Structures are given as structure tokens and as C-alpha cells.
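Engineer: One structure is given below, represented as C-alpha cells, and several questions about it will come after.
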Amino acid sequence: MAGVSKPTARQAFNDNIADAETLVLLADSLRNERVRKMRREKRETLGEALDLPKKDWDDLDCIESKDLFAVFSPGSRLNRDAFKEKALRPLLRQALVAGCAALETFVGDRVMELYRAALDSDERPRRLLELPMTVGDWLWIDESYQRKRWGLRDVVEWEVRQIAGPAPAQIGEVFGIVGQKNLWKRVDGHRKAQAGNSQKKLEALYERRNRIAHNGDRDGRGRANLSTTEVRDDLRCLVEIVEALDTVTAP
């Protein structure tokens, strides 16, 4: 869109992680804390207020949480079982997937923010120089771009996006393309965390994301438990690690 600047790596991450946090908020807000069906007096009051036929008043039901009071209309496709904690876990699973995607996007974006300086440095990073480029790539650049470096950037970015991922090893590898060394040591230092803590936390999150994405979060014959508290803590840790990455790799 003309006149709209491209978001920075951190701005894009903030937008993307907000999606994950919204899913957790919805799961938490929709969890029904009401045990019994709506009282008859309340059904009658609501039925009259909603101008429903008296024959439908007895079919009214609701859920209650700390954030909302929601009424099911007569004939609704939903009922209170749809808002039990177990039934809301799909939102939590997708929140973890969205969080990992936000991290992956941040990594790719930040590496490309550092690309120009790495390319123009007196000692270009070895991993940058070793990125593959086919004859087809070279012909495409030669035939499509007057400014060849723009074409080269597109080829490099394609490779970066292929390598980038939420796993610590992938993150370290892709930052190595632009000459970032001792990445996790610096991240742990910024977080004032024990050596290896950041990698350990991300590895656990990456493995859970893979179980969700590739086998539906199966655990034995059922599906693994997951709570809003657990996911909120995971996302908070992920944000903390990205804040450290953002600082120690700032252009």
C-alpha cells in the first residue's frame, strides 16, 4: 500500500504474537464456570426480555465466566459442553502454533534487516557466501533486475525463509548467515538466565508445536492436556526471548 512503511521485525512480531494472546484470552474468557442450568426465574425473565415464545423459555441456557454471561438461543447448535475447558483446548493449541510462527517470522525479518550490512562488510560472513544460487537464479536476476543486488537480495531472502524456524538450532543457523555469533550465550546473558536456558525453553515449545501440527497433540490414546496458564506462561517466555534477540541483534 502506497505511503505505508513496512513494519520492522519487532513491530511485525508484536502484531503476530497479539493473535496468539487473543486466542488464549478467548479460551480463558469462554470457559464456563457455571455448573447448573440457568434458573427457571432467569429463563422466564430473559425469555420475556428477548420476546421469545413462552414455549421456548425452558430451552434457554447460558454460560458464565469471569468475563461474560452468554445465553444460548432455543435450537442453538452450541451448548454448555462446548465451553468446558477440554473443549476449548483447540484455541490453546493454535495459540502455541501462532506463537511459534510469530517467532519464525521475526527471525527471518531481523536477519534480512541485517543482510545489507553483512553483504557490505569487509569480511562477509562465510555462511552468507555459501548460500546456494543456481544458474536459473542467476539468469532470473540478470533478466529481471537492472539493479542486480536487488535480485540477489530476493534469492538470499528465499533461502533465509527456508532455513528460519522456531527451533533454537534453526535460529542460530540463520543468524549465522549475517555473522551473528554466540547468539544464545548473548540471549541468556541479556535475560540473566542460566546458560542454555533460552535454548531449552524454545526447544520444548518447538517440540510441543510439532506434536500439535503433525499428530494433533496426541498423547497415548487421547490428546495431551493443556491449560490457559501453561500457554500464557509459554507465550510470556517466548516474548521475553524475542525481546532479548531484538536487543542483542539490533541493527
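The values are calculated or read from the model by the stated rules, or taken from the named source; none is laboratory data. What you are looking at is a predicted structure, and each value in this text was computed from that prediction instead of being measured. Cβ coordinates were reconstructed from backbone atoms using ideal geometry, including for glycine residues, and neighbour counts include every protein chain displayed.
Engineer: With respect to ALA118, is the statement that it is under 20 Å from THR228 (Cα atoms) and among the small types (Gly, Ala, Ser) true?
Structural biologist: Answer is no for this residue.
Engineer: Is it true that some residue in region 99-118 is loosely packed, with under 13 Cβ neighbours inside 10 Å, in the same structural domain as LEU202 (by TED's automatic domain parsing), among the small types (Gly, Ala, Ser) and more than 26 Å from GLU243 (Cβ to Cβ)?
Structural biologist: No, there is no match, as no residue in region 99-118 is loosely packed, with under 13 Cβ neighbours inside 10 Å, in the same structural domain as LEU202 (by TED's automatic domain parsing), among the small types (Gly, Ala, Ser) and more than 26 Å from GLU243 (Cβ to Cβ).
Engineer: Which residues, taken from region 105-125, are β-branched (Val, Ile, Thr) and within 16 Å of the chain's Cα centre (by Cα)?
Structural biologist: Scanning region 105-125 gives THR105, VAL107.
Engineer: When you go through VAL178, VAL239, VAL174 one by one, which is the residue that is within 17 Å of the chain's Cα centre (by Cα), under 17 Å from ASP109 (Cβ atoms) and in the same structural domain as LEU114 (by TED's automatic domain parsing)?
Structural biologist: VAL239
Engineer: Something else now. Could you list, in sequence order, all residues of region 36-61 that are in a helix (DSSP H, G or I), touching a residue at least 12 places away in the same chain (Cβ under 8 Å) and among the aliphatic types (A, V, I, L, M)?
Structural biologist: The answer is LEU46, and nothing else.
Engineer: Restricting the search to region 1-38, which residues are of a type in the set (S, T, N, Q), more than 15 Å from the chain's Cα centre (by Cα) and surrounded by fewer than 16 Cβ atoms within 10 Å (Cβ to Cβ)?
Structural biologist: Residues satisfying the conditions are SER5, THR8, SER29.
Engineer: Does any residue of region 180-202 turn out to be closer than 17 Å to ALA98 by Cβ and not hydroxyl-bearing (Ser, Thr, Tyr)?
Structural biologist: For region 180-202, residues closer than 17 Å to ALA98 by Cβ and not hydroxyl-bearing (Ser, Thr, Tyr): present.
Engineer: Under 8 Å by Cβ, and 6 or more places apart or on different chains, what pairs join a residue from region 132-159 that is under 23 Å from VAL107 (Cβ atoms) and at pLDDT below 90 with one that is surrounded by 11 or more Cβ atoms within 10 Å (Cβ to Cβ) and of a type in the set (Asp, Glu)?
Structural biologist: Close Cβ pairs (under 8 Å, with a partner that is surrounded by 11 or more Cβ atoms within 10 Å (Cβ to Cβ) and of a type in the set (Asp, Glu)) do not exist here.
Engineer: Show the residue pairs that are 6+ apart or on different chains and have beta-carbon atoms under 8 Å apart, the first residue being within region 198-210 and of a type in the set (Asp, Glu), the second being modelled with pLDDT of 95 or more.
Structural biologist: The qualifying pairs are GLU203/ALA167; GLU203/PRO168.
Engineer: Further question: Could you grab me the full set of residues in region 86-143 that are assigned to a helix (DSSP H, G or I) and among the basic types (Lys, Arg)?
Structural biologist: Scanning region 86-143 gives LYS86, ARG89, ARG93, ARG110, ARG116, ARG126, ARG127.
Engineer: Would it be correct to say that PRO90 is closer than 30 Å to ARG232 by Cα and surrounded by fewer than 18 Cβ atoms within 10 Å (Cβ to Cβ)?
Structural biologist: yes
Engineer: If you go through region 62-85 one residue at a time, how many are surrounded by fewer than 12 Cβ atoms within 10 Å (Cβ to Cβ), part of a helix (DSSP H, G or I) and in contact with a strand residue (DSSP E or B) (Cβ under 9 Å, 6 or more places away or on another chain)?
Structural biologist: Qualifying residue count, region 62-85: 0.
Engineer: Report every pair of residues separated by at least 6 positions or lying on different chains whose Cβ atoms are under 7 Å apart, first residue within region 12-30 and aromatic (Phe, Trp, Tyr), second buried (at least 18 other Cβ atoms within 10 Å of the Cβ) and modelled with pLDDT of 95 or more.
Structural biologist: Hits for this filter: PHE13/ALA102; PHE13/THR105; PHE13/PHE106; PHE13/VAL242.
Engineer: For region 124-148, which residues satisfy the criterion of being touching a helix residue (DSSP H, G or I) at 6+ places or on another chain (Cβ under 8 Å), charged (D, E, K, R) and within 20 Å of PHE175 (Cα to Cα)?
Structural biologist: ARG124, ARG127
Engineer: Which condition number does ILE63 fail, the rest of (1) β-branched (Val, Ile, Thr); (2) within 30 Å of LEU114 (Cβ to Cβ); (3) touching an Asp or Glu at 6+ places or on another chain (Cβ under 9 Å) being met?
Structural biologist: Unmet for ILE63, out of (1) β-branched (Val, Ile, Thr); (2) within 30 Å of LEU114 (Cβ to Cβ); (3) touching an Asp or Glu at 6+ places or on another chain (Cβ under 9 Å): (2).
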